[in-house]
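So the structure is just underneath, and the comments pick up after that.
The values are calculated or read from the model by the stated rules, or taken from the named source; none is laboratory data. All values derive from a computational prediction rather than experimental measurement. Virtual Cβ from ideal backbone geometry, glycine too; neighbours counted across all protein chains shown. Only protein heavy atoms, including side chains, enter the accessible area calculation; ligands, DNA and RNA are left aside. Shrake-Rupley method; radii C 1.70, N 1.55, O 1.52, S 1.80 Å.
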Amino acid sequence: MEWLTIGAFAKACRLSPKALRLYDELDLLKPARVDPETGYRYYADAQLERARLVAWLRRLGMPLARIREVCALPAGPAAREVRAYWARVEAETAVRRDLAAFLVDHLSGESRRDTTTMLELRYAANSDRGHVRPSNQDTAYAGRRLLAVADGCGPAGASASAAAVAALKPLEEAELSPGNVLNLLEDAVRSAAEAVQGVAEGSAEVGTTLTALLWTGSRLALVHVGDSRAYLLRDGELFRITHDHTVVQALIDEGRLTPEEAESHPQRMLLAKALPGGTADTPDLKLHEARAGDRYLVCSDGLTRAVPDERIRELLGNGTAPEVTVRTLIDAANAAGGADNVSCVVADAVTAPRRPDGAG
């Protein structure tokens with residue numbers, strides 16, 4: 001058999017030698033032969049197809065861990081995985097597109113207010129201690145504009161989560177527009193971090209996650225720190241709109257762990273970001289365009305560690321009112337063992353009733 005050197009193989013598949021060495025370390029694309037004396041890598045012609053697939057998927061921006069999953073699948077299921085990944089990318093791109101459209105309207109003095117369907121939220125929140133923990137350190141809140149969940153940790157975890165959510169509640173009465181909402185939310189999170197710092201009194205063991213959605217009338221602004229989550233159920237499909245700030249998630253993103261391996265990893269509970277955090281721990285901030293019929297879920301990891309996403313999708317799509325769905329989700333977590341506190345906020349975006357002419 002004729003071997004290709006790493007340089008020749010890299011040129012043929014349009015991957016750099018540096019990338020090939022990384023993919024070898026991650027067991028994503030192992031060389032066909034390694035010289036026992038020099039350690040030099042050689043590849044076979046038959047590996048070019050897989051290498052080109054890896055290169056194409058990387059150009060899509062797909063994380064290495066997911067590329068490894070796609071490459072292990074037959075052609076049909078692999079195509080479905082690529083389609084699902086790209087649907088998520090398009091959804092995220094649509095959010096940026098909508099923000100760009102708003103900025104064009106705002107800066108040009110144009111307005112689409114008359115053609116925009118006004119929406120409102122119908123919501124419910126609940127929190128439960130679970131079956132194992134001695135106390136509940138979660139805080140869940142749902143109001144006319146604000147939906148929030150915080151999951152505290154340490155000896156004053158309950159106070160930390162409550163302080164973080166309380167710092168966001170003034171936003172219920174703030175003057176909001178899609179142009180200023182992210183700035184207001186960022187300022188509120190700074191206040192939340194300061195409030196948690198005051199509760200912690202210098203203890204590194206005290207902190208909290210914080211995931212919140214702020215309603216502007218047609219859009220939802222998201223702020224996220226930690227491993228609580230926010231989901232969107234749209235047209236029967238469930239989309240996670242937050243990214244966990246954990247050590248194992250970072251390893252998954254780098255391709256050094258699979259999601260299955262992460263489930264039993266000894267550091268699976270270790271947060272990479274939380275409040276109060278440091279100067280480098282910036283929160284995720286995003287703006288989401290809402291549609292009538294959307295259903296949003298904000299929850300602590302007491303739900304997501306106990307109930308699979310597919311089951312969450314089924315329960316969110318059961319057609320019940322938010323307050324019933326919240327209780328159903330909590331019951332599902334407790335039925336799975338209730339190993340942690342569990343908090344859920346469910347909100348439906350519905351068309352606002354028309355007001356009589358002249359009504360404020």
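Within the range 264-292, no residue that is at positive phi sits with its Cβ atom under 6 Å from a residue that is in a loop (DSSP other than H, G, I, E, B) and open to solvent by 40 Å² or more (accessible area, probe 1.4 Å) at 6+ positions apart or across chains. Of Asp348, Asp294, Asp284, all but one fail to be open to solvent by 40 Å² or more (accessible area, probe 1.4 Å) and under 19 Å from Val149 (Cβ atoms); the exception is Asp284. Given the conditions (1) aliphatic (A, V, I, L, M); (2) within 30 Å of Arg219 (Cα to Cα); (3) open to solvent by 50 Å² or more (accessible area, probe 1.4 Å), report the number of the one that Val89 does not fulfil. Among (1) aliphatic (A, V, I, L, M); (2) within 30 Å of Arg219 (Cα to Cα); (3) open to solvent by 50 Å² or more (accessible area, probe 1.4 Å), Val89 violates only (3). Pairs meeting the criteria (first residue in the range 221-235 and on the phi > 0 side of the Ramachandran plot, second residue surrounded by fewer than 24 Cβ atoms within 10 Å (Cβ to Cβ) and in a strand (DSSP E or B), beta carbons under 8 Å, at least 6 apart or on different chains) are Gly226/Leu271.
In the range 208-221, what residues are touching a strand residue (DSSP E or B) at 6+ places or on another chain (Cβ under 8 Å) and either open to solvent by 10 Å² or more (accessible area, probe 1.4 Å) or modelled with pLDDT under 95 (or both)? Give the steps one after another, and end with the answer.
Restricting attention to the range 208-221, the residues satisfying the condition of being touching a strand residue (DSSP E or B) at 6+ places or on another chain (Cβ under 8 Å) are 208-215, 217-221.
Across the range 208-221, the qualifying residues are Trp215, Gly217, Ser218, Arg219, Leu220, Ala221.
Where helices (runs of 4 or more DSSP H) fall wholly inside the range 193-310, the ranges with 1 or more residues that are touching a Gly at 6+ places or on another chain (Cβ under 7 Å) and under 25 Å from Gly130 (Cα atoms) are 301-304.
Among the conditions (1) under 30 Å from Asp294 (Cα atoms); (2) open to solvent by 70 Å² or more (accessible area, probe 1.4 Å), Pro266 misses just one, which is (1). Screening the candidates Leu147, Leu121 for the property of being buried (at least 22 other Cβ atoms within 10 Å of the Cβ), touching a residue at least 12 places away in the same chain (Cβ under 8 Å) and within 17 Å of Arg229 (Cα to Cα) yields one hit, Leu147.
For Val165, the stated conditions hold: it is open to solvent by less than 50 Å² (accessible area, probe 1.4 Å), within 25 Å of Leu316 (Cβ to Cβ), at pLDDT 95 or above and assigned to a helix (DSSP H, G or I). Which members of the range 168-179 meet the condition of being at pLDDT below 95 and open to solvent by 50 Å² or more (accessible area, probe 1.4 Å)? Glu173, Glu175, listed by residue number.
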